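The values are calculated or read from the model by the stated rules, or taken from the named source; none is laboratory data. Given the structure is predicted, the values throughout are model-derived calculations rather than measurements. Glycine also receives a Cβ, built like all others from the backbone with ideal geometry; neighbour counts cover every protein chain displayed.
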Amino acid sequence: MKNVVIIGGGAAGMLAAVAAAKCGHQVHILEKNEKLGKKLFITGKGRCNVTNDCDVETLLAHVISNPKFMYSAFYGFTSQDMMKLLEEAGLALKTERGNRVFPVSDHSSDVIGTLTRLLNRLDVKIHRMCRATELLTESGHVCGVAYEQDDRDKSISADAVIVATGGLSYKTTGSTGDGYVFAREAGHKVTATMPSLVPLNIREDWCHKLQGLSLKNVRATFRSGKKVLYEELGEMLFTHYGVSGPLVLSGSAHIVSALAKGREITLSVDLKPALSFEQLDARILRDFDENKNKQFRNSLSGLLPSKLIPVIVEQSGIDPYLQVNEVSREQRQRLCGLLKGLTMTVDSARDYNEAVITRGGVSVKEVNPSTMESRLLGGLYFAGEVLDVDALTGGFNLQIAWSTAWLAGTSIE
Ligand SMILES: Cc1cc2nc3c(=O)[nH]c(=O)nc-3n(C[C@H](O)[C@H](O)[C@H](O)COP(=O)(O)OP(=O)(O)OC[C@H]3O[C@@H](n4cnc5c(N)ncnc54)[C@H](O)[C@@H]3O)c2cc1C
């Protein structure tokens, strides 16, 4: 039986504790907040998209950074394993569109409650309001953790330490990047971090006028020069600074690294993806025919949401007061082009406070993918978002946390 100290009582920390305790170890969680799972609480808009009920190949396909590193962890503890663990602990689950798994109750607090009950049943010692400050080491091996509690410096000895401190997003949940400091102090490389699954600032002023407009069934294409970085159909939202919504968050995961390198990224929105250019042109001709005595600015209500009309009219360069029967073929084709590719420039990503996850983290090169143990310091393990691994939305990021945590917790000998 080993003394295992886990830094961080989030998704990864809680599951690593369950895994290590099931292996017979004495487990302690140090959590700086007053309660466990503060970030878990806000996941899935308070419903917690626990995982994605898919096979391992699909899991791997949704990981953006370092999918190969996740191979053993995903095969060792699959989505179905996580679902079984929660269900056996009494939490009923349901699967929604896109294989997204949620608690039947739609309350993330029930996921936290279930895991906490498991921790208690396994006699895991939970130390709340304890902020780990330093890894203690001896002869190339970790031997404990220094921490602060009630403004007092304390320490706890350990045969193994699992760092599960999360990333940098939504700081108020406790993710302040402490794990990166511990990793660096142990000699680990930490790759550049940046917000991902994040809304985007858009340069063009006209875009900001669309604040509040939500578009369904549009196609978004993100490009760097001519190269397409991401293209998908879905739903997006305009805000006072730019764009957000599911399509944009997913797109962001494919562009934040390029943005960080200073590349210019554009976003083109096809407002009518179900129609070809020619079909759209025919549709506009028909609308114009029905509205022939109207001015151009009043002729688009059958085609577009009202908020979008003034922007499209302005962007088309067509005189808004022109009678539609005077709109030339060339002008109409320009309008079609605009509707099939309303293009804007991505200025930057929003910051960590609005990002679902952190891209970058503890370099996977110095972590053993079969155990999650550091290759540099004996007895040190990493799990969850602190690692340089991130995935798309749909329950995949939590599955990264669960799988790496399980592997770390069960690898301690
Ligand atoms: C708004 C939002 C919604 C999300 N929704 C989903 C979703 O539905 N599905 C999904 O798969 N993913 C979702 N995610 C991502 C998911 O929450 C993370 O991937 C996951 O929480 C990472 O788990 P973790 O344990 O590594 O880190 P965290 O959950 O961030 O836990 C880290 C813990 O470590 C503690 N800690 C940090 N430093 C110290 C220290 N020095 N001492 C002691 N304790 C410390 C923190 O207080 C925190 O409790 C969402 C994220 C956000 C922000």
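Things to note:
- Candidates in the stretch 355-372 are the residues that are assigned to a loop (DSSP other than H, G, I, E, B) and away from the ligand (no atom under 14 Å from the Cβ); of these, the one that is nearest to Met1 (Cα to Cα) is Thr371.
- Failed criterion for Asn397 (all others in (1) of a type in the set (S, T, N, Q); (2) outside any loop (DSSP other than H, G, I, E, B); (3) surrounded by fewer than 24 Cβ atoms within 10 Å (Cβ to Cβ) hold): (3)
- Residue in the stretch 165-182 that is closer than 18 Å to Ala405 by Cα, in contact with a strand residue (DSSP E or B) (Cβ under 7 Å, 6 or more places away or on another chain), modelled with pLDDT of 95 or more and polar (S, T, N, Q) present: yes
- Number of positions in the stretch 37-57 that are surrounded by fewer than 19 Cβ atoms within 10 Å (Cβ to Cβ), in contact (Cβ under 8 Å) with a residue 40 or more places away in the chain and assigned to a helix (DSSP H, G or I): 3
- When Gly166 is tested against (1) surrounded by fewer than 15 Cβ atoms within 10 Å (Cβ to Cβ); (2) within 21 Å of Leu15 (Cβ to Cβ), exactly one condition is not met: (1).
- Whichever residue in the stretch 116-140 is of a type outside the set (Lys, Arg) and in contact with a Phe, Trp or Tyr (Cβ under 9 Å, 6 or more places away or on another chain) and, among such residues, is surrounded by the most Cβ atoms within 10 Å (Cβ to Cβ): Ala132
- Considering Val324, Val386, the condition of being modelled with pLDDT under 95 and out of contact with any Pro (no Cβ under 7 Å at 6 or more places or on another chain) is satisfied by Val324 alone.
- Which listed residue, of Ala12, Ala20, is more than 15 Å from Met129 (Cα to Cα) and near the ligand (Cβ under 6 Å from one of its atoms): Ala12
- 3 or more residues touching a residue at least 12 places away in the same chain (Cβ under 8 Å) and under 30 Å from Ser65 (Cα atoms): qualifying helices (runs of 4 or more DSSP H) within the stretch 242-344: 246-260
- Among residues of the stretch 375-390 that are farther than 13 Å from Gly177 by Cα and basic (Lys, Arg), those with a Cβ under 9 angstrom from a residue that is modelled with pLDDT of 95 or more and surrounded by 24 or more Cβ atoms within 10 Å (Cβ to Cβ), sequence gap 6+ or separate chain, pair up as Arg375/Val367.
- Any hit, the stretch 24-36, residues being part of a helix (DSSP H, G or I), more than 15 Å from the chain's Cα centre (by Cα) and surrounded by fewer than 24 Cβ atoms within 10 Å (Cβ to Cβ): no
- Listing of strands (runs of 3 or more DSSP E) fully contained in the stretch 106-207 that carry 1 or more residues being closer than 22 Å to Lys32 by Cα, in contact (Cβ under 8 Å) with a residue 12 or more places away in the chain and near the ligand (Cβ under 10 Å from one of its atoms): 125-127, 131-138, 141-149, 160-163
- Selection count, the stretch 373-411, where residues are of a type in the set (A, V, I, L, M, F, W, C), touching a helix residue (DSSP H, G or I) at 6+ places or on another chain (Cβ under 6 Å) and more than 13 Å from the ligand (Cβ to nearest atom): 2
- Taking the conditions (1) surrounded by fewer than 18 Cβ atoms within 10 Å (Cβ to Cβ); (2) more than 15 Å from the ligand (Cβ to nearest atom); (3) closer than 25 Å to Val5 by Cα in turn, Leu85 satisfies each one other than (1).
- Take the conditions (1) part of a helix (DSSP H, G or I); (2) on the phi < 0 side of the Ramachandran plot; Leu91 misses just one of them, which is (1).
- Residue that is nearest to the ligand (Cβ to nearest atom) [pool: residues in the stretch 315-353 that are buried (at least 17 other Cβ atoms within 10 Å of the Cβ) and within 21 Å of the chain's Cα centre (by Cα)]: Tyr352
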